[in-house]
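To start, the structure itself, in structure tokens.
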Amino acid sequence: MERILVIGSSGQIGSELVLALRKTYGSSNVFATDIKNPTEEIRNGGPFQILDVLDYKNLLHFIVRHKITQVYNLAAVLSGNAEKIPLQAWDINMKALMNTLEAARQSDAKKLFWPSSIAVFGPTTPRHNTPQLTVMEPNTVYGISKLAGERWGEYYNNRYDVDIRSVRYPGLISYKTEPGGGTTDYAVEIFFEAIKKGSYECFVKESTALPMMFMDDAIENTIKLMNADSKQLSLRSSYNMAGISFTAEELATAIKKRIPGFTATYKPDFRQAIADSWPASIDDDIAQKDWGLKAEFDLDRICDVMLEKVKEKLEK
Ligand code: SER
């Protein structure tokens, strides 16, 4: 029987992943942890504990005490915030990963999920249909930490048999918990502002295209990767995950179709340079072949669900 620890359960991904895992594995087998308070759904639906992944002793103790078999480590400072505190962000992102790798090596929690990101690519990477193996010269702290993390994950797999699995997430779009401090955050903020104010001032240019994915697709595929037969996995660094690509203007137009008076203006800030250094679209052929990656949500479906759910949320 699997016993699962989720680190970062109060964040954008964690707050939805925990709910999906509890459905599959039973509430009492999924331990949600974070340094921040969780959503009510998470607190009321199963075990939650405040746990700091940077405290190695406590982390290992938790894993052993609760007989954890799998860990999802989602704790990270995102790209925009990391640029404001480079050294601190490097320390946090790397230490969080290294502590879970070491804990996996020293315990029975051998199966580990850790997200990488499209941020591992940089300005010298081919921007369109970016392949799995290509030039990687990230120029953000977040991207450098993700690329280093991929190398360490593969190393722990080779050297210590840690069963690490990872995807390079595109920008993730969700309504339950808003992201914080990322470059792709505009693709979430725009829905909240469209409903609250009928307008949105976007922090990247209208022509900026980035790969994005709806959270339901991200969660489903993440769990699929964790359940894949390890013999099928040709990569232990991190798999490209494409989602769909659209420009900020295409996103605004899709919203305008549904909210006719909606207006978007564009006022690029420091995150424009980050967005410009990332791919506009990704090739995820290897993930499709190895473990059946498949995304269902196109831009129209994302807009329909987001507008309905964000509205419900804001009316509560
Ligand atoms: N969505 C993340 C960010 O913008 C990228 O992984 O930082």
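Using modelled backbone amide H atoms (1.01 Å from N, in-plane), which distant-in-sequence or interchain residues come within less than 5 Å of residue 125's amide H?
137
Which one of 29, 19, 48 is farthest out on the positive end of the charge dipole of region 12-72, using unit charges on Cβ (Lys, Arg +1; Asp, Glu -1) and the Cα centre as origin?
The listed residue farthest towards the positive side: 29.
Explain nothing, just compute: Karplus ³J(HN,Hα) = 6.51 cos²θ - 1.76 cosθ + 1.60, θ = phi - 60°, for every residue of region 159-175 in order, whole Hz, x for Gly and Pro.
For region 159-175, the Karplus-derived couplings read 8, 10, 6, 5, 7, 7, 9, 8, 10, 8, 4, x, x, 9, 10, 8, 10 Hz, x marking Gly and Pro.
In angstroms, what radius of gyration and Dmax does region 174-296 have, counting Cα atoms only?
Computed over the Cα atoms of region 174-296, radius of gyration and Dmax are 16.4, 53 Å.
From the C-alpha gyration tensor of region 106-159, pull out the three semi-axes of the equivalent ellipsoid (sqrt of 5λ each), sorted largest to smallest, in whole Å. Don't skip to the answer; put the middle values down first.
Details: eigenvalues 128, 26, 18 Å².
So the three semi-axes of region 106-159 are 25, 11, 9 Å.
Less than 15 Å apart at the alpha-carbon level, and either on another chain or at least 8 residues along: which aspartates and glutamates does that give for residue 67?
2, 108
Measure out, as a whole number of angstrom, how far apart the alpha-carbon centroids of region 155-219 and region 35-55 sit.
Cα centroid to Cα centroid, the span is 21 Å.
State the answer as a single residue: which of 59, 222, 81 lies farthest towards the positive end of the charge dipole of the chain, with beta carbon charges of +1 for Lys and Arg and -1 for Asp and Glu, about the Cα centre.
The Cα lying farthest towards the positive end belongs to 59.
Taking N as the number of residues in the chain, what value does Rg over Cα atoms divided by 2.2 N^0.38 Å take?
Working: Rg = 18.8 Å, N = 316, 2.2 N^0.38 = 19.6 Å.
So the Cα radius of gyration is 0.96 times the expected 2.2 N^0.38 Å.
Can you give me the long-range amide H partners of residue 246? Hydrogens built in the peptide plane at 1.01 Å from N, cutoff under 5 Å, separation of 5 or more residues or another chain.
So residue 246 has HN proximity to 210, 212.
Please give every one of the aspartates and glutamates within straight-line cross-link reach of residue 311, meaning a C-alpha to C-alpha distance under 12 Å, and leave out same-chain neighbours fewer than 8 residues apart.
Straight-distance partners of residue 311: 193.
To test your reading of the geometry: what angle, between 0 and 90 degrees and rounded to tens, separates the Cα axis of helix 14-25 from the longest principal axis of the chain?
Computed tilt is about 50 degrees.
Dipole of the chain (Lys/Arg Cβ +1, Asp/Glu Cβ -1, origin at the Cα centre): which of 114, 248, 184 lies farthest to the positive side?
Farthest towards the positive end: 114.
To check you understand DSSP bridge types, tell me what percent of the beta bridges within the chain (both residues inside) are antiparallel, rounded to 5. List each step's numbers first, then the result.
On the way: 4 of 33 bridges.
Expressed as a percentage, antiparallel bridges in the chain total about 10.
In degrees, nearest 10, range 0 to 90: what is the angle between the Cα axis of helix 299-315 and the longest Cα principal axis of the chain?
It works out to around 80 degrees.
Of 176/316; 146/289; 23/57; 197/309, which ones are farther than 18 Å apart at the Cα? Kindly include the intermediate steps, with their values, before the conclusion.
Working: 176/316 13 Å; 146/289 24 Å; 23/57 30 Å; 197/309 16 Å.
In this structure, 146/289; 23/57 lie more than 18 Å apart at Cα.
None of the figures in this text is laboratory data; all of them are computed from the coordinates on show. Just so it is clear, the structure is predicted and the values come from calculations on it, not from any experiment. Here Cβ is always computed from backbone atoms with ideal geometry, including for glycine, and neighbour counts include all displayed protein chains.
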